[in-house]
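Worksheet: the structure to be examined is printed underneath.
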Amino acid sequence: MQALRQVDILKKQLDELLPMKEEYKRELDKKIRLEFNYNSNHMEGNTFTYGETKLLLLFGQTSAGKTIRDTEEMKAHDVAYKMITDWAANKEYVLTERDIKELNRIILVEPFKKATKTLDGQPSSRIINIGDYKQQSNSVETATGEIFEFASPIETPAKMGDLMQWYRDEEEKREFDAVSLAALFHYRFVRIHPFDDGNGRISRLLMNYILLKNGYPPVVIKSADKHNYLAALRMADADDIEAFIEYVAEQLQWSLELFLKAAKGEGVDEPGDFDKKVILLKQRLNRPERIDVQRSKLVIQTVLQMSMAPLIKAINTQIGKFDSLFKSRASLLTHPDDIVPHSKTTLLQLVDDLSGGGEKYHFLYTITLVGLRDSKKSQKNVSVSIQFVFLKFIYEVRSFEANMSVEKSYDEELSEVEIVNGVTTVGNYLLAKIESLLS
């Protein structure tokens, strides 16, 4: 297939230029993040323009006239995109059905009412539940007017189990190249259509998870090319799966060419980007008086993904330098007000426990270096806690032991400088504690 061969050529050219300079990578990541979020959502009916998407995701500002649902779903999709990039960066990470359900829960935000039709064609509506497989049948009307039924609710759990087993087997066998594997997974997922809503967005997220995990850039299916995208899927339905693989490879060429430009330091602007920037500038100049972002579950979730997770990852990397001095290292997430502390395996699991309407939500992340490797002091431990506090309009990151404190509004991420400073402060505190034990 011609497009796949061209992808191989471009990928080899890119690999020879990696790693690219950090400043080039930052601009590239921003461009891909905006393109993917805008196009994948716009294809499913989200009304945000590209400029409005940039205004929301980079500056935390919403244009007048946008619905709450469109706004929240765009922000939630950005959280989901960050999640799949984090999963892909960990080569040992094993994708599960639970992860896929979590993606559905995140991008749909909350249950909602959706217009439908009864079996005899009468207008109706039903509640769309999120985060679990469908409870009612779903279908699509083809170009010829025929109704194509996806997997039934009863069949769906087994078919999803089969899909995940197929993916694990193919990963191990390595018979497919990464682009074909990603495209095939996308197609097989869409054929099942396991959720009441959000299947298209999740199929594209998972396709990109597979590409990223295998060292490829994400593929962006442009909403303007929706007709060709759906036509390629229909050809796969007619047993021409290679047509869909070829289509995905063709779209991937755009990403690879963009990555090559960035790696060469040529910049990632495209024809039309200047006009987009002028429109964005006008929107910012004419924006209404700023409204502070208030705390919500989605807001907390966004902060956790975009700020807290990178900070904790960086701190653990720094503290890992002490591992050879101790028998083990342990970490614990707790609510400070818990009578009996309990551990959570991920930051996002804590969000579901943050309930009520109190003045603040807060929890602690505690890292403990256990058992100093010194026969006389083998019972000695060293620990540090980082507290995350979510107030009404701001969040705080602080460590009383390490004398660290950062305060941000909800539309602000922790900067690279703030993360580096936090890591340095915590690392120096632990270093001083260890030195005092040995003195």
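The values are calculated or read from the model by the stated rules, or taken from the named source; none is laboratory data. This one's a predicted model, so the numbers in the text were calculated from it and none came from an experiment. Note that each Cβ is placed from the backbone with ideal geometry, even for glycine, and that neighbours are counted across all protein chains shown.
A few remarks follow.
- Qualifying positions in the stretch 360-390 - touching an Asp or Glu at 6+ places or on another chain (Cβ under 7 Å) and among the hydrophobic types (A, V, I, L, M, F, W, C): Val384, Val389
Okay, residues lined up against (1) within 21 Å of Leu163 (Cβ to Cβ); (2) out of contact with any helix residue (DSSP H, G or I) (no Cβ under 7 Å at 6 or more places or on another chain); (3) modelled with pLDDT under 85:
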position: Thr47; (1), (2), (3): no, no, no
position: Ala64; (1), (2), (3): no, yes, yes
position: Glu97; (1), (2), (3): yes, no, no
position: Lys113; (1), (2), (3): no, yes, yes
position: Ser125; (1), (2), (3): no, yes, yes
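- Helices (runs of 4 or more DSSP H) enclosed by the stretch 207-311 - at least 2 residues per element that are closer than 27 Å to Glu416 by Cα and modelled with pLDDT under 90: 273-285, 297-303
- Selection status of Asp197, without any contact (Cβ under 8 Å) to a residue 24 or more places away in the chain and in the same structural domain as Leu163 (by TED's automatic domain parsing): no
- The stretch 402-423: number of residues that are surrounded by 15 or more Cβ atoms within 10 Å (Cβ to Cβ) and either free of Cβ contacts under 8 Å to residues at least 60 places away in the same chain or outside any strand (DSSP E or B) (or both): 12
- Verdict on Arg105 being more than 25 Å from Met207 (Cβ to Cβ), modelled with pLDDT under 95, not in a loop (DSSP other than H, G, I, E, B) and not assigned by TED's automatic domain parsing to the domain that holds Lys313: no
- For the stretch 16-57, a residue qualifies if it is within 11 Å of Val268 (Cβ to Cβ), in contact (Cβ under 8 Å) with a residue 12 or more places away in the chain and under 20 Å from the mean Cα position of the chain (by Cα), and the qualifying residues are Lys25, Glu27, Leu28, Lys30, Lys31, Ile32, Leu34, Glu35.
- Candidates Gly45, Gly60, Gly51: the one that is small (Gly, Ala, Ser) and at negative phi is Gly51.
- For Leu181, the conditions (1) outside any loop (DSSP other than H, G, I, E, B); (2) surrounded by fewer than 19 Cβ atoms within 10 Å (Cβ to Cβ) are fulfilled apart from (2).
- Within the stretch 214-227, residues that are within 11 Å of His42 (Cα to Cα) reach partners that are surrounded by 16 or more Cβ atoms within 10 Å (Cβ to Cβ) with beta carbons closer than 6 Å, at six or more positions or on different chains, in the pairs Ile221/Tyr229; Ile221/Gln251; Lys222/Asn39; Ser223/Asn39; Ser223/His42; Ser223/Met43; Lys226/Met43.
- Qualifying position, being in contact with a Leu (Cβ under 9 Å, 6 or more places away or on another chain) and either modelled with pLDDT under 80 or closer than 24 Å to Leu58 by Cα (or both), among Leu438, Leu372: Leu438
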